[in-house]
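Just below is one structure, and these are the notes that go with it.
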Amino acid sequence: MVPIRTPKEIKKLRLAGQLAAEVLMALEQHVEPGVSTAELDAIAYKIITDANAEPAFLGYMGYPATLCVSINEEVVHGIPSKKRVLEDGDIVSVDVGVILKGYYGDNARTYPVGTISDENQRLLDVTHESLLKGLQALRADEPLGLLSHAVQTVAESNGFSVVRAFVGHGIGDKLHDEPQVPNFGRAEDGPIIRAGTVLAVEPMVNAGTHRVKTLSDGWTVITADKKPSAHFEHTVVVLSDGIEILTPWDSRAADYGLA
Ligand code: MF3
Ligand code: CO
């Protein structure tokens with residue numbers, strides 16, 4: 001069963017999403033060569049706890065940090081560390097979840113560190129566009145496959161691949177709810193989405209193969225060919241006349257007609 005959220009629940013999800021977005025906006029100023037991923041984690045922890053909220057990932061299935069910070073060929077679930085320092089030319093994916101008054105917000109984006117290659121910039125732009133085009137295709141009373149297919153089409157028509165092994169998810173009063181939100185598939189497939197459904201949509205796009213593997217730390221996911229990967233995520237609510245982005249960090253969303 002895919003839960004349908006009440007207007008009261010959507011208000012709480014909006015506040016949680018707003019806080020999750022504030023973390024990503026604040027971190028933008030701190031992403032630079034020489035900064036450790038543990039420093040980014042500490043900044044995020046302070047913003048969240050100062051807002052009387054909790055980091056959603058900390059302790060989830062034993063995950064040890066507030067953020068997932070994944071550099072270059074790392075796809076998702078990189079564990080922050082004092083020893084891991086950002087370098088000029090890196091791309092760094094930051095994923096953050098919060099719990100505020102029992103409701104969850106989840107979002108991610110990949111930042112450039114200093115000056116990055118044209119090819120890495122293209123990977124960031126295409127992954128971001130795949131998210132926004134996917135959200136544009138998402139509609140009440142239509143199959144979720146419209147979104148999945150739109151994401152995949154943007155990524156693959158630009159010569160990149162979408163990760164299959166990890167998908168987006170419903171979200172609300174828990175981090176992971178129904179339905180699963182794949183970033184690939186046929187437009188006519190998947191559940192019919194009804195107004196009041198809240199989703200975390202999170203394409204992971206690889207420069208090379210879609211295949212990934214998990215490192216021996218049990219968390220860090222990397223590309224099988226060690227080529228770079230990018231990740232952009234919004235929490236959104238489907239309304240009868242469109243969607244609302246609940247994690248408003250994204251200045252490009254307006255270009256796609258997304259509030
Ligand atoms: N945004 C990811 C997700 O929703 C982050 C999960 S990391 C974990 O699945 F540590 F919480 F597992
Ligand atoms: Co998520």
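The values are calculated or read from the model by the stated rules, or taken from the named source; none is laboratory data. As the structure is a prediction and not an experimental result, all values here were calculated from the model. Positions of Cβ are generated from backbone atoms using ideal geometry, with glycine treated the same way; all protein chains shown enter the neighbour counts. The accessibility values were calculated without ligands, DNA or RNA, using every heavy atom of the protein model including side chains. Shrake-Rupley method; radii C 1.70, N 1.55, O 1.52, S 1.80 Å.
The slack in the chain from residue 82 to residue 195, taken as 0.36 nm per residue of separation less the alpha-carbon distance, amounts to 36.3 nm. Sorting 43, 245 by solvent-accessible area of protein heavy atoms yields 43, 245, largest first, with a 1.4 Å probe.
Electrostatic tally near residue 102: other residues with Cβ closer than 11 Å to its Cβ, Lys and Arg +1, Asp and Glu -1, net 0. The accessible surface of the stretch 7-256, taken with every protein chain in place and a 1.4 Å probe, is 49 percent carbon and sulfur. Taking a point 7 Å from the Cα of residue 259 along the Cα-to-Cβ direction, the residues of the stretch 1-39 with backbone N closer than 13 Å to it are 11, 14. Rolling a 1.4 Å probe over the protein chains gives residue 32 an accessible area of about 90 Å².
Per-residue accessible area (protein heavy atoms, 1.4 Å probe) orders 103, 60 as 60, 103, starting from the largest. The charge dipole of the stretch 1-148, taken about the Cα centre with unit charges on the Cβ atoms of Lys, Arg (+1) and Asp, Glu (-1), comes to about 800 debye, rounded to the nearest 20.
Is the shape of the stretch 1-96 rounded, prolate or oblate, going by the alpha carbon gyration tensor and its root eigenvalues a ≥ b ≥ c, with a/c under 1.5 for rounded and a/b larger than b/c for prolate? It comes out prolate by the Cα gyration axes. State whether the stretch 29-176 is rounded, prolate or oblate according to the following rule on the C-alpha gyration tensor (a ≥ b ≥ c being the square roots of its eigenvalues): a/c under 1.5 gives rounded; otherwise a/b larger than b/c gives prolate, and the remaining case gives oblate. Oblate is the answer for the stretch 29-176, as a/c is 1.5 or above yet b/c matches or exceeds a/b. Remark: the chain carries 43 Å² of accessible area per residue (probe radius 1.4 Å; ligands, DNA and RNA excluded). Of 1, 25, 204, the residue with the largest accessible area leads and the full order is 1, 25, 204 (1.4 Å probe).
Extension gain for residue 224-residue 176 works out to 14.7 nm (0.36 nm per residue, less the C-alpha to C-alpha distance). Net charge dipole, the chain: roughly 520 debye, given to the nearest 20, about the Cα centre with Cβ charges of +1 for Lys and Arg and -1 for Asp and Glu. Relative contact order, whole percent, for the stretch 7-256 stands at 22, derived from Cα pairs under 8 Å and 6 or more residues apart. Any idea how far the Cα center of the stretch 77-156 sits from the one of the stretch 235-256, in Å? A separation of 14 Å, based on Cα centres. Other residues within the sphere of radius under 12 Å centred on the Cβ of residue 53, judged by their own Cβ, net out at 0 (K and R +1, D and E -1).
Within the assembled protein chains, the solvent-accessible surface assigned to residue 164 is about 90 Å², based on a 1.4 Å probe.
In order along the stretch 178-187, phi translates into HN-Hα couplings of 6, x, 6, 10, x, 9, 7, x, 8, 4 Hz, rounded to whole numbers, per the Karplus curve 6.51 cos²θ - 1.76 cosθ + 1.60 with θ = phi - 60° and x for Gly and Pro. Set the Förster radius R0 to 35 Å, insert the Cβ-Cβ distance between residue 125 and residue 211 as r into 1/(1 + (r/R0)^6), and round the FRET efficiency to 0.05. E between residue 125 and residue 211, to the nearest 0.05, is 0.90.
Using just its DSSP H runs of length 4 or more, each adding -39500 (n - 2.57), the chain gives a mean residue ellipticity at 222 nm of -9000 deg cm²/dmol after division by all residues. The count of lysine pairs in the chain with alpha-carbon distances below 27 Å, taking only pairs 8 or more places apart or on different chains, stands at 27. With a ≥ b ≥ c taken as the square roots of the eigenvalues of the C-alpha gyration tensor of the chain, please select rounded if a/c is under 1.5 and otherwise prolate if a/b is larger than b/c or oblate if it is not? Since a/c reaches 1.5 but b/c is at least a/b, the shape of the chain is classed as oblate.
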